[in-house]
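Nothing in this text is a laboratory measurement; each read-out follows from the coordinates by a stated rule. As the structure is a prediction and not an experimental result, all values here were calculated from the model. Please note: Cβ atoms are built from the backbone with ideal geometry, for glycine as well, and neighbour counts cover all protein chains shown.
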Amino acid sequence: MRNEKGITLIELLAVLAIIGLLTTLIASVLMNGMNASDRSTTNQRLQQEANYITETIRNEYLKQEPKLIEFMIDNDEKSLKMNGIIISEGYTYCHGDDCDDEQKLEDEQGFTINKSINHDFKLELRKETLSYKIGTTYSKLR
């Protein structure tokens, strides 16, 4: 009678191959989940920052003075200034419709909102490969 309590080399290799496949599959699922979570977090931060910018501008717009609100976008420093004060930083910003123009993203952009008239406001925020567009109108009763 033969002693068959051990395992053969082929059985050992088969088990190692199966473990390797399972490990690769699990690692792939985890990495995809983490990447999706990172994208979702970045997108949520873009939306929150856009809401903050919109609300900050609205609060300034509703004040009586001054009549003009001046903005400066500096994408080298990744900042958005309102009347010389930084109201947002850490993103790439673009005002208006031509946000696919790379030259526009490299140049400093300045624009003004005149509070005596209604103003259509468009701004795009970018972080990594994600972007979020704001589109609103600022107006007040006269």
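What FRET efficiency comes out for the pair Ser28/Gln48, r = Cβ-Cβ distance, R0 = 41 Å, nearest 0.05?
Working: r = 31 Å, r/R0 = 0.75.
The calculated FRET efficiency here is 0.85.
What is the magnitude of the charge dipole of the stretch 94-142 about its Cα centre, with +1 placed on the Cβ of each Lys and Arg, -1 on the Cβ of each Asp and Glu, and no other charges, expressed in debye to the nearest 20?
It works out to roughly 620 debye.
With the chain treated as a Gaussian network of Cα nodes joined by springs under 10 Å, which of Asn32, Asn51, Asn118 yields the largest mean-square fluctuation?
With Cα springs under 10 Å in the chain, the top fluctuation among Asn32, Asn51, Asn118 is at Asn32.
Could you work out how far helix 9-62 tilts from the main Cα principal axis of the chain, as a 0 to 90 degree angle to the nearest 10?
10 degrees
What do you get when you divide the Cα radius of gyration of the chain by 2.2 N^0.38 Å, with N the number of residues?
On the way: Rg = 27.1 Å, N = 142, 2.2 N^0.38 = 14.5 Å.
Taking the Cα Rg and dividing by 2.2 N^0.38 Å, one obtains 1.87.
Rounding to the nearest 20 debye, state how big the charge dipole of the stretch 42-142 is about its Cα centre with +1 on each Lys and Arg Cβ and -1 on each Asp and Glu Cβ. Numbers along the way, then the final one.
Details: 14 positive and 20 negative charges, 159 e Å.
Taking the Cα centre of the stretch 42-142 as origin, the dipole is about 760 debye.
The stretch 76-142: D in µm²/s via Stokes-Einstein (Kirkwood Rh, Cα pairs, 25 °C, 0.890 mPa s)? Let's see the in-between values first.
On the way: Rh = 13.1 Å.
Translational D for this selection: 187 µm²/s.
I need the peptides 10-21, 75-86 ranked by packing, meaning the mean over residues of other C-beta atoms within 10 angstrom, with the highest value on top. Let's see the in-between values first.
Details: 10-21: 10.2, 75-86: 14.0.
Packing proxy ranking, top to bottom: 75-86, 10-21.
Have a look at Thr92, Thr23, Thr41 and tell me which one the Gaussian network model of the chain (Cα, springs below 10 Å) gives the largest fluctuation.
For the chain, modelled as a Gaussian network with Cα springs under 10 Å, the answer is Thr23.
Given R₀ = 41 Å, FRET efficiency for Phe111-Ile19 by Cβ-Cβ distance, to 0.05? All intermediate terms of the calculation are to be shown ahead of the outcome.
Details: r = 60 Å, r/R0 = 1.46.
The calculated FRET efficiency here is 0.10.
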